[in-house]
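Take a look at the structure below.
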Amino acid sequence: MSQIIDALVRERRVLCVVGPGGVGKTTIAAALGVCAAAAGRRVLLITIDPARRLATAMGLDEIGQSEREVRIPAQAGLPELTLNAMMLDLKYAWDDMVRRLANSDRQREAILGNQFYRHLSTSLAGAQEYIACEHLYTLCTERSYDLIVLDTPPSAHAIDFFEAPGRVLDVLENDAIKLLLAPSLVAGRASLRLLDLGGRYVLKVLSRLVGMEMLHALAEFLLAFEGMYPHARDRTQGFRRIFASPTTAFLVVATPTRQALAEACELSRRLERDGLRLGALVINQIRTPVDDLPEPDAVERLLAQEAGAARAERLTRATFEVVRQRNHRAAVEREAVANTLDRLPPYPRVFVSRLADDVHDIETLIGVARELCSTSARADGAAT
Amino acid sequence: MTTSASLRRSLQIVTGKGGVGKSAVAAAIAWRLAREGRRTLLFQVNAADAHGSMLGVDPIVEVEREIAPHLWAVNSTPAAALREYGLLTLRLRAIYNAVFENRLVKSFLRFVPSLGELNMLGKAWYHVGVGRDAPDVFDHVVVDAPSTGHGLPFLNVARVVAEGALPGPLKSQAEAMARTVQDPRLTAVHVVSLPEPMAVEESIELLQRLSSERIAPLGIGVVNRYGPHLFADDDLGRYERLRDQAAPALRPVLQAAWLRARRERQERELRDRLLASTPVVWQALPDLVEPVTRREQIGQLGDLLIEPGSKASGDEPDHRRAGA
């Protein structure tokens with residue numbers, strides 16, 4: 001149980017869970033949701049994972065596009081908890097943003113029907129990250145949750161999460177592209193008459209690479225987006241303010257493997273450089289060694305009672321082999337963690353042990369929550 | 001020597017969700033093929049270097065480099081792949097420099113749909129060299145694809161551009177690539193999974209999409225970190241009973257054994273679920289605990305995947321079976 005996490009789930013308004021893929025971000029985010037609910041806060045958990053891991057983890061078949069109430073039945077010592085959860089559908093969220101920001105029906109339809117837009121909203125690098133931030137901003141400003149926990153997309157590099165908004169904004173308000181295609185934009189027509197001074201030559205070569213039709217479509221797209229850039233920019237500044245707010249904290253999650261730890265280091269430093277608040281470095285899925293080994297004879301005698309003398313010898317060997325492997329792995333992990341943390345400033349850190357091999361049921365999820373914070377250990381809950 | 005035929009194809013793409021060990025499997029396949037004397041290119045897609053440290057060589061960079069006999073490696077990035085495509089298309093470096101080093105053009109090209117993915121897949125395709133004989137053609141190109149979410153768009157990019165793009169050079173390029181990617185004589189997509197519930201569900205979902213949307217011909221499935229198993233199903237109950245009645249000093253070891261027995265049973269159940277729900281041959285790779293160098297591990301894994309006398313899968317998996 002960590003007082004660091006206790007304070008975070010009680011005091012912050014936004015917790016943003018970042019880290020490399022496969023380290024249990026979704027589980028940690030869901031467990032933070034449980035901790036906050038147990039502390040009596042109205043909490044919303046947002047996940048963007050296209051593989052629907054959270055749904056499985058929470059025993060839900062599907063989490064809707066809008067917030068849905070998830071009831072966690074009373075568990076040993078814990079009352080029934082309620083939290084809200086949603087899965088962000090990328091395409092839907094983008095369309096929703098266009099509907100909200102478009103100046104007219106005509107503009108809306110022009111954008112939604114444009115093939116560049118379809119690309120932008122579904123597969124442009126950073127589109128997921130951007131819309132997650134954008135949606136977080138909407139929810140922060142329009143809803144009255146005490147706390148929003150944001151699980152971030154499984155980027156190829158965890159650092160992408162911080163690069164993406166800028167990259168998408170670059171595209172949305174790309175001065176360079178506008179400059180290249182300026183005459184057509186000014187003319188209000190999607191014809192490609194270029195600036196002087198070599199522009200024509202550049203465009204000719206570009207058309208050999210990607211085709212003239214593509215250039216036309218792009219000009220049309222930029223034309224359709226005219227007038228929306230200021231909104232997009234304002235909103236990007238809006239969610240950057242949320243990230244930078246003292247009521248927001250980032251949790252960097254890693255597993256005790258060299259690669260994950262290295263990425264977590266890079267992320268933590270990046271947060272610091274950007275002036276964002278690192279709530280905690282969460283080292284997840286730590287193996288605990290078995291320190292006091294009993295006499296093999298004692299184990300074998302006990303196993304013989306249950307399995308017979310013939311099997312007991314094999315089982316005894318297997319039992320000690322299990323412990324040997326586990327201790328070996330635990331030692332390797334401990335060394336990797338120590339080496340990494342030695343090289344980092346004394347960031348607040350939280351260790352979560354490997355409770356089971358996978359968190360796919362509520363019981364295990366509560367187990368993780370119990371390791372994370374003391375709120376979910378309270379028998380009375382804080383809600384009442 | 002018999003083995004799964006798909007592990008002999010020219011273009012092999014290894015995919016799966018993040019953290020399942022795709023890079024190790026891709027390296028193992030490439031390593032093994034190279035050791036047979038086949039000219040093999042291990043192809044990383046815009047990733048932080050994994051293969052270099054795994055194989056104990058210098059970090060893999062944007063230019064192909066021979067890292068072991070017959071084994072070459074590259075880390076393809078959108079920028080470098082675009083540069084190569086530009087140079088191939090425009091022929092003249094002077095023209096390329098004049099155009100591509102232009103700030104406006106740089107930012108424009110970033111915005112052309114899927115150009116980055118298309119160029120990276122295009123580079124892999126180029127080195128397969130269908131109908132071409134040149135020093136930069138390899139017998140096998142083994143691609144370590146981005147993880148699931150990013151992996152499908154990557155695999156599908158040639159077809160999407162071929163079907164969706166406006167007529168032009170990109171479209172014809174993409175059509176040629178799509179033909180190779182969808183050709184079961186040339187290409188196989190191997191899916192890596194773990195014996196864990198969520199990983200298994202995702203792999204089933206991924207394989208269903210790969211085959212129902214006919215994205216690319218399926219290769220083998222790899223259940224990574226599976227076993228070795230020390231216990232049988234009925235041992236689980238034994239440890240559970242003993243753990244509850246044992247003296248406190250004995251409990252921790254019995255608990256550890258119980259957890260392991262429980263995980264082993266779950267692993268077997270999940271393997272059965274994979275076998276029952278997917279149309280591919282699954283190969284299990286053990287969790288290697290012992291402190292060998294990673295290069296040795298990669299060699300061991302490669303021998304397990306492509307082994308003399310291993311069970312042949314022979315026929316191509318029938319895509320229709322996935323829906324049946």
Between residue A:342 and residue A:258, the two model label points (7 Å from Cα along the beta-carbon direction) sit apart by a distance in nm of 1.4 nm
Order B:138-147, A:291-300 from most to least packed using the mean count of other Cβ atoms within 10 Å. B:138-147, A:291-300
Accessible carbon and sulfur surface of the stretch B:229-279 relative to its total accessible area, %, 1.4 Å: 49 percent
Once you average over the residues of B:195-204, how many Cβ atoms of partner chains fall within 10 Å of each Cβ? 4
R0 of 41 Å, Cβ-Cβ distance residue A:321-residue B:275: FRET efficiency to nearest 0.05: 0.90
Dipole-positive endmost among B:232, B:258, B:247 within the stretch B:229-279 (Cβ charges, Cα centre): B:247
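Taking each residue of B:79-89 in turn, how many C-beta atoms of other protein chains fall within 10 Å of its C-beta, and what is the average? Numbers along the way, then the final one.
On the way: counts 0, 0, 0, 1, 0, 0, 1, 3, 0, 0, 3.
That average works out to 1.
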Accessible area buried between chains B and A, both sides summed, probe 1.4 Å, in Å² to nearest 100: 6000 Å²
Spin-label pair residue B:8/residue A:66, simplified geometry with 7 Å Cα→Cβ offset, distance in nm: 5.8 nm
Backbone N under 17 Å from the residue A:7 label point (7 Å along Cα→Cβ), restricted to the stretch A:327-357: A:346-351
Sites residue A:208 and residue A:106 - FRET efficiency at Förster radius 35 Å, r taken between beta-carbons, to 0.05: 0.55
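Please work out the FRET efficiency for the pair residue A:144 and residue A:115, using the Cβ-Cβ distance as r and a Förster radius of 60 Å; give the result to the nearest 0.05.
Values: r = 39 Å, r/R0 = 0.65.
Result of the calculation: an efficiency of 0.95.
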Quick check on packing: order A:144-152, A:210-218 by the mean number of other C-beta atoms within 10 Å, highest mean leading. A:144-152, A:210-218
Coordinate range along principal axes, alpha carbons of the stretch B:229-279, Å, largest first: 48, 14, 14
Of the listed peptides A:336-345, B:233-242, A:311-320, what is their order by residue-averaged count of other C-beta atoms within 10 Å, with the highest listed first? A:311-320, B:233-242, A:336-345
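So for the stretch A:197-354, what are the equivalent ellipsoid semi-axes in whole Å, largest first, each being the square root of 5 times an eigenvalue of the Cα gyration tensor?
So the three semi-axes of the stretch A:197-354 are 58, 24, 15 Å.
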Cα→Cβ-extended label distance, 7 Å offset, between residue A:291 and residue B:295, nm: 3.9 nm
Just checking the output field for A:294-307: average partner chain Cβ neighbours within 10 Å of each residue's Cβ? 4
Consider a paramagnetic label point 7 Å from the Cα of residue B:183 along Cα→Cβ; state which residues of the stretch B:5-40 have an amide N under 12 Å from it. B:10-11
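The values are calculated or read from the model by the stated rules, or taken from the named source; none is laboratory data. Just so you know, these numbers come straight off a predicted model, no measurement behind them. Cβ coordinates were reconstructed from backbone atoms using ideal geometry, including for glycine residues, and neighbour counts include every protein chain displayed. For the accessible areas, the whole protein counts, side chains as well, though only heavy atoms, and no ligand, DNA or RNA atoms are used. Shrake-Rupley method; radii C 1.70, N 1.55, O 1.52, S 1.80 Å.
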